[in-house]
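Inspection log for the structure reproduced underneath, given as structure tokens.
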Amino acid sequence: MRREDLLLAAESAREQAELYTTLHRNREALQALNASHRLFAKLRVQRDIADVRHRIDRLERRFLDVVRQWSQSIESKDRYTLGHCERVAAYTCAIARTMGFDEQTLFWLRIGAMLHDVGKIHVPSDILNKAAPLTPAERTIIERHASAGADLLQDVEFPWDVLPMIRHHHERWDGSGYPDGMAGDAIPLSARMLCVADVYDALTTHRPYRPAFASADALAAMRADRGRVFDPDILDRFASIVETLPAPIAFPAAPNDPATPKTIVSPFAA
């Protein structure tokens with residue numbers, strides 16, 4: 001940086017991210033990836049190197065790899081939530097597409113959705129896997145995961161602001177949610193989309209305390225909370241997707257990345 005060699009600094013930060021990933025220090029890996037991304041973005045503005053877009057694409061693929069690795073390690077604490085973050089990311093991006101979001105924004109929405117439960121790293125496994133009803137104290141511990149996740153990533157300067165998704169995905173439309181009791185349009189749009197996706201996946205997968213709901217039953221239960229828990233417009237959009245588009249859902253891959261799978265088997269088709 002003292003030599004003002006942005007390319008060397010960007011590549012050094014990228015290599016540092018690889019080291020942190022090998023050490024399973026995921027938070028530090030994301031910090032280094034973000035530092036590298038910012039520097040490459042400056043190079044793109046300055047047009048200093050011809051292949052900067054290719055380098056950024058490669059970097060964004062590593063973002064996805066690190067985030068997937070971290071989300072899977074968190075899910076391994078809870079045997080009932082394997083694949084939860086991937087499915088929630090697909091649902092969230094499916095909603096966002098109906099609202100006209102571009103592919104670059106969809107990519108970062110996916111990153112935020114896959115990290116939404118990162119705060120559960122601080123929740124004991126016996127609470128996550130408890131088959132009996134939670135005590136008030138245990139519920140308080142569970143509910144801290146939203147703010148804990150945002151705090152954990154507070155100093156990771158993502159290219160797109162994913163922190164509101166992590167902190168506010170348990171806010172409710174009527175203001176009765178947590179951690180901040182936000183209501184209506186004051187809740188970030190990304191968090192409102194994530195809330196619908198998260199609840200639907202929770203209802204349609206097995207939990208230690210109940211079997212999975214059928215898709216139609218899950219939607220019926222969610223419609224009963226339309227305008228109370230959920231943004232009415234977003235819930236309606238999502239219900240329309242579930243009911244009319246049982247085809248595979250396209251994941252927003254890193255832009256211009258031919259190696260990343262573009263579709264998964266649709267979880268809507270259940």
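Residues 137, 146, 132: which one is out of contact with any helix residue (DSSP H, G or I) (no Cβ under 6 Å at 6 or more places or on another chain), in a helix (DSSP H, G or I) and of a type in the set (Gly, Ala, Ser)? Before the answer, list the steps.
Values: 146 fails: out of contact with any helix residue (DSSP H, G or I) (no Cβ under 6 Å at 6 or more places or on another chain); 132 fails: in a helix (DSSP H, G or I).
Unique residue meeting the criteria: 137.
Show the residue pairs meeting these rules: Cβ distance below 9 Å; 6+ apart or different chains; first residue within the stretch 209-238 and on the phi > 0 side of the Ramachandran plot and assigned to a loop (DSSP other than H, G, I, E, B); second residue of a type in the set (Ser, Thr, Tyr) and modelled with pLDDT under 95.
Here the result reads none, with nothing in the stretch 209-238 linked to a residue that is of a type in the set (Ser, Thr, Tyr) and modelled with pLDDT under 95.
So that you can scan it fast, the table gives a plain yes or no per residue for (1) crowded, with 19+ Cβ neighbours inside 10 Å; (2) in contact with a Cys (Cβ under 7 Å, 6 or more places away or on another chain); (3) at pLDDT below 95; (4) among the aliphatic types (A, V, I, L, M):
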residue	(1), (2), (3), (4)
177	yes, no, no, no
194	yes, no, no, yes
204	yes, no, yes, no
222	yes, no, no, yes
255	no, no, yes, no
268	yes, no, yes, no
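Let's see how each residue does on (1) in contact with a helix residue (DSSP H, G or I) (Cβ under 7 Å, 6 or more places away or on another chain); (2) hydrophobic (A, V, I, L, M, F, W, C):
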site	(1), (2)
151	no, no
159	yes, no
164	yes, no
171	yes, no
175	no, no
183	no, yes
196	yes, yes
199	yes, yes
204	yes, no
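Restricting the search to the stretch 157-216, which residues are among the small types (Gly, Ala, Ser) and under 20 Å from residue 119 (Cα atoms)? Can you show your working first?
First, pick out the residues of the stretch 157-216 that are among the small types (Gly, Ala, Ser): 175-177, 181, 183-184, 186, 190-191, 197, 202, 212, 214-216.
Selection gives 177, 181, 190, 191, 197, 202.
If I ask for residues that are surrounded by 12 or more Cβ atoms within 10 Å (Cβ to Cβ) and of a type in the set (D, E, K, R), which ones from the stretch 206-220 would you list?
Result: 207, 217.
Can you tell me which residue among 2, 62, 58, 14 is of a type in the set (Lys, Arg) and part of a loop (DSSP other than H, G, I, E, B)?
Numbers: 62 fails: part of a loop (DSSP other than H, G, I, E, B); 58 fails: part of a loop (DSSP other than H, G, I, E, B); 14 fails: part of a loop (DSSP other than H, G, I, E, B).
Selected residue: 2, the only one of 2, 62, 58, 14 that is of a type in the set (Lys, Arg) and part of a loop (DSSP other than H, G, I, E, B).
State the number of residues belonging to the stretch 59-85 that are buried (at least 20 other Cβ atoms within 10 Å of the Cβ) and within 28 Å of residue 209 (Cβ to Cβ).
Here the count works out to 6.
Pick from the stretch 106-142 the residues that are among the acidic types (Asp, Glu) and more than 18 Å from the chain's Cα centre (by Cα): which of them is surrounded by the fewest Cβ atoms within 10 Å (Cβ to Cβ)? Give the steps one after another, and end with the answer.
Narrowing the stretch 106-142 to residues among the acidic types (Asp, Glu): 117, 126, 138.
Those left that are additionally more than 18 Å from the chain's Cα centre (by Cα): 126, 138.
Values: 126: 9, 138: 17.
By that ranking, first place goes to 126.
Is one or more of the residues making up the stretch 105-122 acidic (Asp, Glu), in contact with a helix residue (DSSP H, G or I) (Cβ under 9 Å, 6 or more places away or on another chain) and part of a helix (DSSP H, G or I)?
Keep residues of the stretch 105-122 that are acidic (Asp, Glu), which gives 117.
Applying the additional criterion that residues be in contact with a helix residue (DSSP H, G or I) (Cβ under 9 Å, 6 or more places away or on another chain) yields 117.
Next, only the ones that are part of a helix (DSSP H, G or I) stay: none.
No: zero hits.
Quick check on my filter: what residues within the stretch 149-166 are assigned to a helix (DSSP H, G or I), aliphatic (A, V, I, L, M) and farther than 10 Å from residue 122 by Cβ? Outline the logic, then answer.
Narrowing the stretch 149-166 to residues assigned to a helix (DSSP H, G or I): 149-152, 163-166.
With the extra rule that they be aliphatic (A, V, I, L, M), the set shrinks to 150, 152, 163, 165-166.
150, 163, 165, 166 - these are the residues of the stretch 149-166 that are assigned to a helix (DSSP H, G or I), aliphatic (A, V, I, L, M) and farther than 10 Å from residue 122 by Cβ.
Can you pull out the residues in the stretch 224-233 that are of a type outside the set (Val, Ile, Thr) and buried (at least 19 other Cβ atoms within 10 Å of the Cβ)?
Step one: filter the stretch 224-233 for residues of a type outside the set (Val, Ile, Thr), giving 224-228, 230-233.
If the condition is that a residue be of a type outside the set (Val, Ile, Thr) and buried (at least 19 other Cβ atoms within 10 Å of the Cβ), then 230, 231 are the ones that fit.
The values are calculated or read from the model by the stated rules, or taken from the named source; none is laboratory data. This one's a predicted model, so the numbers in the text were calculated from it and none came from an experiment. Using ideal geometry, Cβ is built from the backbone for each residue, glycine included, and neighbour counts are taken over all protein chains shown.
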